[in-house]
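The values are calculated or read from the model by the stated rules, or taken from the named source; none is laboratory data. All of these numbers come straight from a predicted model, not from anything done at the bench. Reconstructed Cβ throughout: ideal geometry from the backbone, glycine too, with neighbour counts over all protein chains shown.
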Amino acid sequence: MSASVARPVALIILDGWGYREETTANAIALADTPNWDALWATAPRTLLTASGRAVGLPDGQMGNSEVGHLNLGAGRIVMQDLVRITSSIEDGSFFANNELVRACEHARSAGSTLHLLGLLGDGGVHAYDQHLFALLDLVAAQGVSRVALHALLDGRDTPPKSGMEYLRETLAKLDGRAMLGSVSGRYYGMDRDNRWERTGLWYDAAVRGIAPHSTDALESVQHAYDRGITDEFMKPVVMVDPFGMPVAPMRDGDVLICFNYRSDRMRQSLRALAWPDFAGFDTGARPKLHITTMTQYEDSFPFPVAFAPQSMRNLVGETIAAAGLTQLRTAETEKYPHVTFFFNGGMDAPFAGEDRG
């Protein structure tokens, strides 16, 4: 690159825009897109594979927005956290992971509850069920006696009513090893757009035990389905004992392991749990928790991280900055983390000459 370049260059990412020759059920091919058609007909072009091994995912695994921006910003194939964590389970190193073992030791020595928080199912975008099941094996092997799961239902990266079977399978894995503390759709527990009223409903259920009561999680999910509410939008419920008492509210000294590996939709809930001077909603007396996250959710978070970020050099933004050029990253709120954090290889800090709007 030369600092003498006078004309700006734009990298425009159409998130979710793809190519397929067949026109059946192909909204892009069937739509009226004259500008796109003109570019396609007159400009140099090529196609990139956006799923599977081409973007650091397992064979057959669909790509997603985070993965796409991460690979584009790196200019290379980036091994995704899904693959890293799954490989560690397969080779056994997961069960000796320093931060996960320390979290278990803390709960065991304090006699406190170890809470697990994350998305159920095999969607593979934010979380993966085999990681949760491995965590259950780990905490059992570490002798943690009191374990609670706060389950988030997907229905967005999985079929909208698949949560029932995912929950049924998970409950079988919990049997005798852990209890279910709360159930919520991801609409509430994984908001990323500062809609604090949503996060507040999840927080009240999972942390304070304040929400509609349930003694049968599967029945509660079916009740939501009967009212036309799918997994993503299921309102939080708190599991209670036969006397109507919440079975696993979060208390001072408890441990929390967040097993989602994708960062952007976990930040908001963790700010509510632990951020100093948090003012998004009334949290009541927040419990003092020992929190561990599966991956690094934000540079400023002080929590131990089980799988630290991979170090990458010569990213696109870094190369532009090194050439003495300026750059502007801009997107609507929903995609702001993608053109900043993910495009910069999972780093929050901007490069020299990088503005954001």
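Some values worked out for this structure:
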read-out	value
Inter-residue pairs, beta-carbon under 6 Å, first among the hydroxyl-bearing types (Ser, Thr, Tyr) and in region 241-266, second assigned to a loop (DSSP other than H, G, I, E, B), 6+ apart	SER263/TYR297
Residues of region 285-329 that turn out to be in contact with a strand residue (DSSP E or B) (Cβ under 9 Å, 6 or more places away or on another chain), of a type in the set (S, T, N, Q) and in the same structural domain as ASP264 (by TED's automatic domain parsing), as a count	4
Residue, farthest from TRP202 (Cα to Cα), within region 111-139, restricted to residues that are in a helix (DSSP H, G or I) and touching a strand residue (DSSP E or B) at 6+ places or on another chain (Cβ under 8 Å)	VAL139
Condition broken by ARG262, with the remaining ones in (1) surrounded by fewer than 16 Cβ atoms within 10 Å (Cβ to Cβ); (2) closer than 21 Å to ASN64 by Cα satisfied	(1)
GLY56 being closer than 24 Å to VAL305 by Cα and exposed (fewer than 13 other Cβ atoms within 10 Å of the Cβ)	no
Any hit, region 6-29, residues being surrounded by 15 or more Cβ atoms within 10 Å (Cβ to Cβ), of a type outside the set (Asp, Glu) and closer than 24 Å to ARG329 by Cβ	yes
Restricting region 220-256 to residues that are crowded, with 17+ Cβ neighbours inside 10 Å and among the charged types (D, E, K, R), the residue that is farthest from the chain's Cα centre (by Cα)	ASP254
Residue satisfying condition, being in contact with a Ser or Thr (Cβ under 8 Å, 6 or more places away or on another chain), without any contact (Cβ under 8 Å) to a residue 60 or more places away in the chain, in the same structural domain as PRO337 (by TED's automatic domain parsing) and small (Gly, Ala, Ser), within set GLY16, GLY63, GLY52	GLY63
Residue check, ALA206 among the aliphatic types (A, V, I, L, M), within 18 Å of the chain's Cα centre (by Cα) and under 30 Å from GLU105 (Cβ atoms)	yes
Lone unmet requirement of (1) part of a loop (DSSP other than H, G, I, E, B); (2) of a type in the set (A, V, I, L, M); (3) in contact (Cβ under 8 Å) with a residue 60 or more places away in the chain for ALA352	(3)
Residue in region 303-315 that is surrounded by 14 or more Cβ atoms within 10 Å (Cβ to Cβ), more than 17 Å from the chain's Cα centre (by Cα) and β-branched (Val, Ile, Thr) present	no
